1. Of the residues that make up the stretch 203-212, is at least one under 18 Å from residue 142 (Cα atoms) and outside any strand (DSSP E or B)?
2. Could you list all residues from the stretch 261-283 that are in contact with a Gly (Cβ under 8 Å, 6 or more places away or on another chain) and of a type in the set (A, V, I, L, M, F, W, C)?
3. Would you pick out the residues in the stretch 201-215 that are buried (at least 21 other Cβ atoms within 10 Å of the Cβ) and without any contact (Cβ under 8 Å) to a residue 24 or more places away in the chain?
4. For the stretch 17-38, how many residues meet the condition of being among the small types (Gly, Ala, Ser) and loosely packed, with under 12 Cβ neighbours inside 10 Å?
5. Taking the stated definitions as given, is residue 95 of a type in the set (Asp, Glu), modelled with pLDDT under 75, surrounded by 12 or more Cβ atoms within 10 Å (Cβ to Cβ) and assigned by TED's automatic domain parsing to the domain that holds residue 157?
6. Which condition number in (1) modelled with pLDDT under 80; (2) closer than 23 Å to residue 20 by Cα; (3) loosely packed, with under 13 Cβ neighbours inside 10 Å; (4) of a type outside the set (Gly, Ala, Ser) is the one that residue 50 fails?
7. Can you list the strands (runs of 3 or more DSSP E) lying wholly within the stretch 216-284 that have 1 or more residues being in contact (Cβ under 8 Å) with a residue 24 or more places away in the chain, of a type in the set (Gly, Ala, Ser) and buried (at least 23 other Cβ atoms within 10 Å of the Cβ)?
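The values are calculated or read from the model by the stated rules, or taken from the named source; none is laboratory data. Everything numeric here is computed off the predicted structure, so don't read it as measured data. No Cβ is skipped: glycine too gets one built from the backbone with ideal geometry, and neighbour counts run over all protein chains shown.
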Amino acid sequence: MRNGELLQFQSEGRDSHRLCRGTSVGGTFLPETARSLFDLGVTVIHDDQDHGSYPDGVESCSELLNMDLHAYQARFFHESSTPGLVPLAQYLYHEQIPVIFGWVTANSRSTWELAAMLVYGQVPSLAFWNSTAELPDAVPPGGLMLLDDYFAAMKTHAKPFLLNGRMRRPLIVDAPAVRKEIRQVRGRELRQPQVINMPQVINMPLVIQSAWDDGFGNVGVFAVNTQAHAVTLRIRVPEPGQWHATIYAGSTREEQHAAVAGDQLSWHLSPGRLGTVVFQRRGGPSHR
């Protein structure tokens, strides 16, 4: 507090204290604690919550902690029940700090959620809340194939984009979507959904897509077709200049094309596969 004393409060039935990042002890507490734990042999530290200003601050991502952390959680699965939530920090800081967690919990049985986690640049991981841990084959049908595609692609061409890349505007034109009506919104107490008077309607993509710059002049487009049938997509070729486009399914190279900025590339995407189009500038830096 202002007088230098620790601010006491109750959290989940435990005696707790808040540390202000602006104080001398608060500004060094996390890195010094981490160094002490690493010296004792700890390899991973989970710093659970960071809060904004007291008393109106909420659990949130903090810019000031980015330089201290190796990764952070992003709970994107709230988006389907809280349509006004925009995970802005994920898109701003992706190339600076990896993101784990994402869309999937132990109760998820949807390939859509797993596909969203991979395509939107999450490190695959699973949250077990109020559930027992399960074997990997308990993921949704088709999930293991998606994960195989992801890890194979990360070993060949995807890592500079999905792990270290900077997100850019999507390049797939008119990707198919379905309208979804939201009648309940989760408040601060997640177990007590609130029924809203006027249902909100949002567009949920059936082909989940993302586009990334790798920092070396290359552009990667990633997509998963969550429908049961194949679809042909149109991709805007990035501006400016001439490109060499390589199309992958997982890590398998399927097609190669010369492409010019302003054109549209036709892309046949099978269902349930992680597809990639890598644009390399002709005569420019090579893909790394």
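1. yes
2. 261, 267, 269, 274, 277, 278, 279
3. none
4. Residues of the stretch 17-38 among the small types (Gly, Ala, Ser): 22, 24, 26-27, 34, 36.
Restricting the remaining residues to those that are loosely packed, with under 12 Cβ neighbours inside 10 Å gives 22, 24, 36.
Of the residues in that region, 3 qualify.
5. Working: of a type in the set (Asp, Glu): yes; modelled with pLDDT under 75: no; surrounded by 12 or more Cβ atoms within 10 Å (Cβ to Cβ): yes; assigned by TED's automatic domain parsing to the domain that holds residue 157: yes.
For residue 95, the condition - of a type in the set (Asp, Glu), modelled with pLDDT under 75, surrounded by 12 or more Cβ atoms within 10 Å (Cβ to Cβ) and assigned by TED's automatic domain parsing to the domain that holds residue 157 - is not met.
6. (3)
7. 219-225, 274-281
Residue-by-condition table, conditions (1) part of a strand (DSSP E or B); (2) within 28 Å of residue 127 (Cα to Cα); (3) in contact with a strand residue (DSSP E or B) (Cβ under 8 Å, 6 or more places away or on another chain):
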site	(1), (2), (3)
1	no, no, yes
4	no, no, no
8	yes, no, yes
17	yes, yes, yes
27	no, no, no
35	no, yes, no
41	no, yes, no
44	no, yes, no
